[in-house]
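Below: one structure, written as structure tokens.
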Amino acid sequence: MQNAGPVRINETWTVAGGTLTLGAVDHVPVHDFAHCRACLLLGVTAAGEIEPQHVRQEQQLLMRQGFEALRRREADRRLAQRNQARDRAKELLRACLTEEQRSDMDRYGRFEVVGSNGGRYQLNISSYSGNIYSVDAHGGFGGCLCAHGRDDLPLADHLLLQKLAIESDEAKFLATALDY
């Protein structure tokens with residue numbers, strides 16, 4: 001059947017990670033049917049003819065598979081970037097720690113930091129928040145503090161941020177941190 005006039009299209013597809021909407025678009029016969037996504041969805045051929053239903057369904061399935069493949073590739077790319085950032089952050093943190101701090105981190109899952117005013121703190125490496133424990137004069141637990149950066153930082157960058165803040169300006173750090 002020849003396409004004699006505009007075709008009204010109102011398509012919405014939900015794909016993981018977003019929605020592709022082709023809503024109320026007029027397609028006139030004077031355009032490139034072969035390269036128009038909306039026409040492919042409807043099954044309009046390069047000549048402007050409507051494909052039979054089974055051919056349209058196959059085309060739609062191929063497009064869905066294409067969208068899913070793109071979504072998977074994008075998710076894999078983001079995961080690889082996060083993993084690379086995490087690994088680089090771990091290397092940087094280890095490079096900024098003393099031998100004793102590295103040993104404590106590996107052995108106990110925490111390391112001690114001495115503040116610029118002489119205060120002592122244990123940083124627990126398993127958490128973003130509530131992971132700073134003040135150490136009293138006798139080496140015992142003096143309280144828990146919470147001061148953290150953005151959630152999208154790798155954990156090792158987060159720990160380095162806390163370490164540097166305590167070591168460089170303990171008073172400002174304590175003014176910012178919350179008792180937990």
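The values are calculated or read from the model by the stated rules, or taken from the named source; none is laboratory data. Here the structure is a predicted model, which means the values were calculated and not measured. So basically every Cβ, Gly included, is an ideal-geometry build from the backbone, and we count neighbours across all protein chains shown.
Take the residues in segment 108-128 that are exposed (fewer than 14 other Cβ atoms within 10 Å of the Cβ) and assigned to a loop (DSSP other than H, G, I, E, B), then tell me which one is nearest to the chain's Cα centre (by Cα). Selected residue: Ser126.
Of the residues contained in segment 79-90, none is found to be exposed (fewer than 15 other Cβ atoms within 10 Å of the Cβ), farther than 24 Å from Asp151 by Cα and either of a type outside the set (Lys, Arg) or touching a residue at least 40 places away in the same chain (Cβ under 8 Å) (or both). Among the criteria (1) surrounded by 13 or more Cβ atoms within 10 Å (Cβ to Cβ); (2) at pLDDT 95 or above, the one Thr98 does not fulfil is (1). On the basis of being touching a residue at least 12 places away in the same chain (Cβ under 8 Å), more than 29 Å from Arg78 (Cα to Cα) and not aliphatic (A, V, I, L, M), does Gly149 make the cut? No. A single entry from Glu100, Glu91 fulfils the requirement of being of a type in the set (Asp, Glu) and within 21 Å of Ser168 (Cβ to Cβ): Glu100. Are any of the residues in segment 158-175 surrounded by fewer than 17 Cβ atoms within 10 Å (Cβ to Cβ), within 18 Å of Arg94 (Cα to Cα), among the aliphatic types (A, V, I, L, M) and not assigned by TED's automatic domain parsing to the domain that holds Arg86? For segment 158-175, residues surrounded by fewer than 17 Cβ atoms within 10 Å (Cβ to Cβ), within 18 Å of Arg94 (Cα to Cα), among the aliphatic types (A, V, I, L, M) and not assigned by TED's automatic domain parsing to the domain that holds Arg86: present.
Mind listing just one residue for me: the one in segment 132-157 that is in a loop (DSSP other than H, G, I, E, B) and in contact with a helix residue (DSSP H, G or I) (Cβ under 7 Å, 6 or more places away or on another chain) and, of those, surrounded by the fewest Cβ atoms within 10 Å (Cβ to Cβ)? Restricting to residues being in a loop (DSSP other than H, G, I, E, B) and in contact with a helix residue (DSSP H, G or I) (Cβ under 7 Å, 6 or more places away or on another chain), the top hit is Gly149.
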